[in-house]
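Contents: one structure, followed by commentary.
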Amino acid sequence: MRILITGVCGFVGHALACELKKALSQVELFGLDNFIRPGSEMNRTNLKAIGVKIYHADIRSAADLETLPNVDWVIDAAANPSVLAGVDGKTSSRQLIDHNLSGTLNILEYCKRIQAGFILLSTSRVYSIPSIANLEVEVVQDAYQPVASQIFATGISTAGVSEAYSTQSPVSLYGATKIASEVMALEYGATFGLPVWVNRCGVLAGAGQFGRPDQGIFAYWIHSWKQQRPLTYIGFDGLGHQVRDCLHPQDLARMLLLQLKAYHDSSKPPIVNLAGGIEASMSLRQLSKWCSDRFGKQSVATESQDRPFDIPWMVLDSSVAKQAWGWQPERSLLSVLDEIAEHADQNNAWLDISAPY
Ligand SMILES: NC(=O)c1ccc[n+]([C@@H]2O[C@H](COP(=O)([O-])OP(=O)(O)OC[C@H]3O[C@@H](n4cnc5c(N)ncnc54)[C@H](O)[C@@H]3O)[C@@H](O)[C@H]2O)c1
């Protein structure tokens, strides 16, 4: 099998390449990256060492894709993955759309030309913000949790947000580029007979992630704590009760292996949530406690002003993936945190690469 991973030198692309290489003895792996993410260049050597052929290419440029080899599958892991992209004053909305939507369309045209299957890494950010932002929550052991007795919007429960929940705007510009990419991917699949799988991932976390405050929060928080960098609880009264779940890319790779093997199986849902779920969720305040036990005490500043698109609680319910594929995460939250902390022990100035002052 021949597979191309876009964004192969990013956190997820690199991790997936390593896992696929381990699991598929006959695989020929190709990757492309434009190295826009600070730190991505560091993964090139390791990928070459395990036999991945790397192309310096930009998915925004259709011409860059003309010389790529024929493959059986494309896994699309190239994107600007920040929910604040396009509104953070650092990237424009046009740039976000060029990377995340026009880029997907170029890749889909490439898949059409060579008749390759397509796997999109989408996000929990495709889900409509208002009903999640307005959830009735209570604080239990320093973390928000939804009040069980409230009337939930369809698709939301105390187990998380499922695929049945609305993707109605507003979802953030980032979320909009992803939902538009999902629609186009499925349409290309249906029209041109290509196998297409869409995986809506919750927060992904693990060693080697290029964390920033707006993306890769678990890695950012742990590395910041280790490097004694100032940290701030932003929004929600500045108390750090906001909750996210986390998934290790190894668990994502296990699902991709099932999807690659199934090829095109209309009995399986084309869109699934993949996330750590309730068991692998925690608040920032709980994460601070964990960091304090691991690295020693540090104070965290508070800023009560909410940011755009902030939500108090985002946990994805992956029960559709479990029922349809028998998939569930194997890596525990604590094992992921430990892995990141060990990486922080070994890489003292890691954040200077991904999140310089
Ligand atoms: N990390 C998460 O928590 C998370 C959660 C849900 C979905 N995702 C999705 O997973 C994918 C990978 O995310 P990640 O965390 O590895 O991000 P990352 O920033 O670490 O990796 C993205 C890689 O893509 C490259 N890239 C960006 N724009 C490109 C372009 N136009 N052409 C070629 N290469 C380009 C970057 O240089 C980088 O190496 C993204 O599509 C993201 O939306 C990530």
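Can you spot a residue in the range 104-111 that is assigned to a loop (DSSP other than H, G, I, E, B) and in contact (Cβ under 8 Å) with a residue 60 or more places away in the chain? No, the range 104-111 has no match at all.
Quick grid of which residues meet (1) at pLDDT 95 or above; (2) touching a Gly at 6+ places or on another chain (Cβ under 9 Å); (3) surrounded by 14 or more Cβ atoms within 10 Å (Cβ to Cβ):
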{"site": "LEU24", "(1), (2), (3)": "yes, no, yes"}
{"site": "PHE30", "(1), (2), (3)": "yes, no, yes"}
{"site": "ASN34", "(1), (2), (3)": "yes, yes, yes"}
{"site": "ASN43", "(1), (2), (3)": "yes, yes, yes"}
{"site": "GLY86", "(1), (2), (3)": "no, no, yes"}
{"site": "GLN95", "(1), (2), (3)": "yes, yes, yes"}
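Here is a check on your reading of the model: is SER102 surrounded by fewer than 15 Cβ atoms within 10 Å (Cβ to Cβ), within 16 Å of the ligand (Cβ to nearest atom), at pLDDT 95 or above and more than 23 Å from TYR220 (Cβ to Cβ)? Answer is no for this residue. Filtered by the rule that a residue be under 18 Å from the mean Cα position of the chain (by Cα), surrounded by 22 or more Cβ atoms within 10 Å (Cβ to Cβ) and on the phi > 0 side of the Ramachandran plot, the range 207-255 gives a lone residue, GLY216. If only residues of the range 202-216 that are among the hydrophobic types (A, V, I, L, M, F, W, C) and modelled with pLDDT of 95 or more are counted, the one that is farthest from the ligand (Cβ to nearest atom) is ALA207. Does the range 149-170 contain at least one residue that is buried (at least 19 other Cβ atoms within 10 Å of the Cβ), among the β-branched types (Val, Ile, Thr), away from the ligand (no atom under 13 Å from the Cβ) and outside any loop (DSSP other than H, G, I, E, B)? Yes, the range 149-170 contains a residue that is buried (at least 19 other Cβ atoms within 10 Å of the Cβ), among the β-branched types (Val, Ile, Thr), away from the ligand (no atom under 13 Å from the Cβ) and outside any loop (DSSP other than H, G, I, E, B).
When PRO356 is tested against (1) assigned to a loop (DSSP other than H, G, I, E, B); (2) surrounded by 15 or more Cβ atoms within 10 Å (Cβ to Cβ), just one condition goes unmet, and that condition is (2). Can you tell me which residue is farthest from the ligand (Cβ to nearest atom) among those in the range 59-99 that are free of Cβ contacts under 8 Å to residues at least 40 places away in the same chain and of a type in the set (Asp, Glu)? Top of the filtered list is GLU66.
May I ask you to list the residues in the range 261-286 that are assigned to a helix (DSSP H, G or I) and in contact with a strand residue (DSSP E or B) (Cβ under 9 Å, 6 or more places away or on another chain)?
In the first step, residues of the range 261-286 are kept if they are assigned to a helix (DSSP H, G or I); the result is 261-262, 278-280, 284-286.
Scanning the range 261-286 gives ALA262, ILE278, GLU279, ALA280, LEU284, ARG285, GLN286.
Taking the criterion of being outside any loop (DSSP other than H, G, I, E, B), in contact with a Phe, Trp or Tyr (Cβ under 9 Å, 6 or more places away or on another chain) and of a type in the set (A, V, I, L, M), the residues of the range 212-259 that qualify are ALA219, ILE222, VAL243, MET255, LEU256, LEU258.
Being more than 9 Å from the ligand (Cβ to nearest atom), closer than 30 Å to ILE311 by Cα and in contact with a Phe, Trp or Tyr (Cβ under 9 Å, 6 or more places away or on another chain): is that true of ILE54 here?
Details: more than 9 Å from the ligand (Cβ to nearest atom): yes; closer than 30 Å to ILE311 by Cα: no; in contact with a Phe, Trp or Tyr (Cβ under 9 Å, 6 or more places away or on another chain): yes.
No: the conditions fail for ILE54.
Total residues in the range 1-26 satisfying the condition of being over 14 Å from GLY39 (Cβ atoms) and either within 13 Å of the ligand (Cβ to nearest atom) or not in a loop (DSSP other than H, G, I, E, B) (or both): the figure is 13.
The values are calculated or read from the model by the stated rules, or taken from the named source; none is laboratory data. Bear in mind that the values here come from a model prediction, so they are computed numbers and not experimental data. Cβ: placed from backbone, ideal geometry, glycine included. Neighbour counts: every protein chain shown.
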